[in-house]
Amino acid sequence: MMPRRQSETPSTSSTTASEGRSQEPKKEKDNSGGLGTALNSNTSHSYDKLSMPCDLYGLFVIEPLQLNVKVDGPIIFFLEMVRTFFFLVVNFGIQLLFVSRIHKINQENEGAQCRSQKPYLQLVCVFVFATSIFKEVRDCMDFLDLLLRCPVKENNGYINMGVGGGGCDGSRHGVVLHDDRDHCGSFKERWFRFSRLVKGHKDHSWSLAGMTHMWKLVCILLVAVPRLILGLVLLKVASGFIVRSSEEKMVTDTVAALFISDIGTFMFYAFTTNSVKDNLSRMPPLELPSTNCARLVSFLLVNFLLPVITAGLSVAIVWYLRRQCTGGADFFGSMSGSGWSASDVLAMFTS
């Protein structure tokens, strides 16, 4: 009985292996479907990647989670927390100062939008500025989506902020300092660290593994919401500023308005160390499951609908600001008259 069972086992395994080899081509054949198969497939898993932005807003979210009081020390922890909040407040404060000043200039120059004989330059400048603001709004929505869908640490509740614990890799790494002491362990642990060092693996990388409910709420209320509101207010105020500018200064005023939304980026690259910027840029993205329906909606929205909305909004802004102009200087009256022609473009090459 026993020899017979031993002789049957290899035959059974060989039969199973041959069946597995015979099924491999079928598997490849099934995976080579066309576009219709991909759209109708419900078994394939694809993921969208949301990355932490390498700017002042991303630094506000991730740096406090990587601070480690045991490694960095309480003084560095306190200074970094004060610095993070300080630069965020300064960034929003400068933007709010510029917006309020531009709004006052608009009130003083009321009626200046009618001086331009043709609204073509106004339309182009407003469209360029609206495009930059829509980019800012898209970045803000991706940032908000990352915060909302980011998983949180378990058993932390809503009281623990999650800052100062050094992420999820123990107490050997901080933002500024690292614990370089040789922690003796077993031979297996030492050999594992040595093999990772030889292969070039980085022992430490920043991540969102230390996120908590409370810190997520703080980031949404102090970063995402004010950033979105300031972007929309800047679009309204700066568009009026551009339309009321003279034709000689309209292009330079557009460039000046574009500068306002980039203040935080300038501050980040000027006042952040290279090691912090490197750690922030090397953060692994957050992978979230996606569906074909979501990808199709995003494709149609970004590639087709959003440009139409931007162009339509630019026309609506110029029309709204010129609606009270008299003497045929309103939007439709100025568009129908004589003025800009192809000779204006040819003059750039002939004069």
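Tabulated results
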read-out	value
Criterion: within 23 Å of D142 (Cβ to Cβ), open to solvent by 50 Å² or more (accessible area, probe 1.4 Å) and not in a loop (DSSP other than H, G, I, E, B) - qualifying residue of L222, L230, L258	L222
Output for the range 306-323, where each listed residue is open to solvent by 90 Å² or more (accessible area, probe 1.4 Å) and free of Cβ contacts under 8 Å to residues at least 12 places away in the same chain	V308, Y320, R323
Filtered residue count, the range 261-290, keeping only those that are in contact (Cβ under 8 Å) with a residue 60 or more places away in the chain, open to solvent by less than 80 Å² (accessible area, probe 1.4 Å) and not in a helix (DSSP H, G or I)	9
Those residues of the range 239-255 which are open to solvent by 70 Å² or more (accessible area, probe 1.4 Å) and of a type in the set (D, E, K, R), in sequence order	E247, E248, K249
Residue within the range 193-214 that is among the hydrophobic types (A, V, I, L, M, F, W, C), touching a Leu at 6+ places or on another chain (Cβ under 6 Å), closer than 27 Å to C54 by Cα and modelled with pLDDT of 85 or more present	no
S171 outside any helix (DSSP H, G or I), at pLDDT below 85, among the polar types (S, T, N, Q) and in contact with a Gly (Cβ under 9 Å, 6 or more places away or on another chain)	yes
Top-ranked residue in the range 89-140 [being closer than 20 Å to L221 by Cβ and without any contact (Cβ under 8 Å) to a residue 24 or more places away in the chain; ranked as least open to solvent (accessible area, probe 1.4 Å)]	G93
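Each row is one residue, and each column tells you yes or no for (1) in a helix (DSSP H, G or I); (2) surrounded by 15 or more Cβ atoms within 10 Å (Cβ to Cβ); (3) not hydrophobic (A, V, I, L, M, F, W, C).
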position: K49; (1), (2), (3): no, no, yes
position: C54; (1), (2), (3): no, yes, no
position: F60; (1), (2), (3): yes, yes, no
position: P64; (1), (2), (3): yes, yes, yes
position: K70; (1), (2), (3): yes, yes, yes
position: I75; (1), (2), (3): yes, no, no
position: M81; (1), (2), (3): yes, yes, no
position: T84; (1), (2), (3): yes, yes, yes
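The values are calculated or read from the model by the stated rules, or taken from the named source; none is laboratory data. What you see is a predicted model; the values in this text were computed from it and never measured. Glycine also receives a Cβ, built like all others from the backbone with ideal geometry; neighbour counts cover every protein chain displayed. Side chains included, ligands, DNA and RNA excluded: accessible areas come from the protein's heavy atoms. Shrake-Rupley method; radii C 1.70, N 1.55, O 1.52, S 1.80 Å.
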